[in-house]
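Heads up: the structure comes next, in structure tokens.
The values are calculated or read from the model by the stated rules, or taken from the named source; none is laboratory data. Owing to the predicted nature of the structure, the values given are computational and were not obtained by experimental measurement. When we count neighbours, we look across all protein chains shown, and the Cβ atoms used for this are built from the backbone with ideal geometry, even at glycine. Calculation scope for accessible area: heavy atoms of the full protein, side chains included, ligands and nucleic acids excluded. Shrake-Rupley method; radii C 1.70, N 1.55, O 1.52, S 1.80 Å.
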Amino acid sequence: MTQRLYFDDAYLRSFTARVTQRGRWQGHPAVALDRSAFYPEGGGQPGDRGTLNGVPVLDTQADAAGTVWHVLAAPLEADEVHGAIDWSRRFDYMQQHHGQHLLSAAAEQVLGARTRSARLGEEHSTIDLDRDGLNAADMAALEDATNAMVWADVPILARFVSAEELSTLRLRKPPQAHARIRIVSAGDFDHSACGGTHPRRTGEVGCVAIRRWERYKGGTRVTFVCGGRVVRDLRNANRLLLELAGRFSVGIAELPAAIERLAAAEAHSRTALERAEARLLDLDVQHWLTHAERIGETPVVVAAFEDRSLDYLRSLARCIAERGGIALLGLRATAAQLVFARPPTLAHDMSALLREAAALLGGRGGGRPDAAQGGGPNVACLDQALQHARDRLETQSTR
């Protein structure tokens, strides 16, 4: 087994070691060392990154035998190595990891909610609580209680304990069976079995901020950030607020009212636009029916469009059919589209007719006997497909 130096000193940033094994991990070269300060992925905490003799360490993993594997960007030839931890990333995860411990402890104490699972991510972290129906007041109380623990700045003690000492500790959950049990204690706030890396004092977590919460598998998933990530979140949020306030020419406090005014104006404009579009559609229907050819007594509108939407074609076809006409409409876009419709008083099968026309476009379609839609990739054949549908309609009508 690899000697894990971070157990004794989570602040150790560099070390020397000897290569004991070489192999591959998910397609990358990898080495095992006799001793390492690199933390391997586990307990929801990602593996460390850094360098070995200047070669980037992409990930750190441990196998079932307890050997720590350092996944490399390139092969490493030397047997003696100098390792360097990506310290900014490591300390970030130390803040996130211990912040999660305190958040879970506070959730039990304030909300009576136990943590089912936890995950530390690159952008944010989550805990899944076994209680649902939590609200904003609950989250505020949880956040306040957690930060009270942080700002108490009590010592954090990480150590392997004897069975006797273990029996005296009030753990949040029973530890898994191991030859040695490592306990991380934050004063009297929290005692948890954990093999991860943690700061020396709770104050180094800095701050814990809850981003959001949602119902999840009968409980609640809480998304949070700690330490430097809180500062980055606040910086980004402040930048966005200032940009929005500048766009509206108001102060930040006036943004909600400005957005309400914008939403009201947008709703008014949308209503006016819908009315104008309905009027335009009505005029279009009148135009097409006035100039339509007739097959028997029925006006038949055959038309291909390039500058309209498929929704427009559906609406136009429906309105033509409602006024007693047959619509054979096409749209030239990245692919050719067809929309056919007829009034309920006629017996022509629009679905069958459209399938024939769509076949000429190298595609297919279908629908109901009175309305159908489809298309195909052969845009150049759109006029031919519409003419075929028109001719078939005329043939059916003269039988």
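Remarks
- Test: residue in the range 343-354 that is buried (at least 16 other Cβ atoms within 10 Å of the Cβ), in a strand (DSSP E or B) and on the phi < 0 side of the Ramachandran plot: no
- Selection status of Ala105, in contact (Cβ under 8 Å) with a residue 60 or more places away in the chain, within 30 Å of Arg212 (Cβ to Cβ) and part of a loop (DSSP other than H, G, I, E, B): no
- Just one of the listed residues (Gly228, Gly219, Gly206) is open to solvent by less than 40 Å² (accessible area, probe 1.4 Å), modelled with pLDDT of 95 or more and touching a Leu at 6+ places or on another chain (Cβ under 9 Å), namely Gly219.
- Ala357 vs. criteria closer than 19 Å to Val301 by Cβ and either open to solvent by less than 10 Å² (accessible area, probe 1.4 Å) or more than 40 Å from the chain's Cα centre (by Cα) (or both): yes
- Scanning the range 133-159 for residues that are modelled with pLDDT under 95 and either under 15 Å from Gly227 (Cα atoms) or not in a strand (DSSP E or B) (or both) yields a total of 1.
- Look at the range 319-345: where a residue is under 17 Å from Asn378 (Cβ atoms) and of a type in the set (Lys, Arg) and a partner is open to solvent by 10 Å² or more (accessible area, probe 1.4 Å) and not in a strand (DSSP E or B), sitting 6+ places away or on another chain with Cβ atoms under 6 Å, you get Arg332/Glu306; Arg332/Val379.
- The set of residues in the range 285-328 that are among the acidic types (Asp, Glu) and either at pLDDT 95 or above or in a helix (DSSP H, G or I) (or both) comprises Asp311, Glu322.
- Single condition Cys194 does not satisfy, out of (1) open to solvent by 90 Å² or more (accessible area, probe 1.4 Å); (2) at pLDDT below 95; (3) in contact with a strand residue (DSSP E or B) (Cβ under 9 Å, 6 or more places away or on another chain): (1)
- Enumeration of residues in the range 38-81 that are part of a loop (DSSP other than H, G, I, E, B), open to solvent by less than 40 Å² (accessible area, probe 1.4 Å) and under 25 Å from Gln100 (Cβ atoms): Phe38, Tyr39, Pro40, Gly44, Pro46, Gly47, Asp48, Gly66
- Sole residue being open to solvent by less than 40 Å² (accessible area, probe 1.4 Å) and within 23 Å of Ala278 (Cα to Cα), chosen from Ala335, Ala372: Ala372
- Across the range 95-111, the number of residues qualifying as touching a helix residue (DSSP H, G or I) at 6+ places or on another chain (Cβ under 8 Å) and within 23 Å of Arg232 (Cα to Cα) comes to 6.
- Just one of the listed residues (Arg24, Arg35, Arg13) is basic (Lys, Arg) and either buried (at least 17 other Cβ atoms within 10 Å of the Cβ) or under 33 Å from the mean Cα position of the chain (by Cα) (or both), and it is Arg24.
- In summary, Ser88 fulfils each of the numbered conditions (1) among the small types (Gly, Ala, Ser); (2) open to solvent by 30 Å² or more (accessible area, probe 1.4 Å); (3) at pLDDT below 95 with the single exception of condition (3).
- Whichever residue in the range 162-203 is of a type outside the set (Gly, Ala, Ser) and part of a helix (DSSP H, G or I) and, among such residues, is farthest from Leu5 (Cα to Cα): Thr168
- Test set (1) modelled with pLDDT under 90; (2) open to solvent by less than 50 Å² (accessible area, probe 1.4 Å); (3) of a type outside the set (S, T, N, Q); (4) assigned to a loop (DSSP other than H, G, I, E, B) - Ala113 fails condition number: (1)
- Matching option when the condition is in contact (Cβ under 8 Å) with a residue 12 or more places away in the chain and under 33 Å from the mean Cα position of the chain (by Cα), among Leu255, Leu281: Leu255
- For the range 250-262, the condition of being farther than 30 Å from Ala385 by Cβ and in a loop (DSSP other than H, G, I, E, B) holds for at least one residue.
- Residue ID - nearest to Leu244 (Cα to Cα), chosen from residues in the range 254-308 that are surrounded by 12 or more Cβ atoms within 10 Å (Cβ to Cβ) and among the polar types (S, T, N, Q): Gln286
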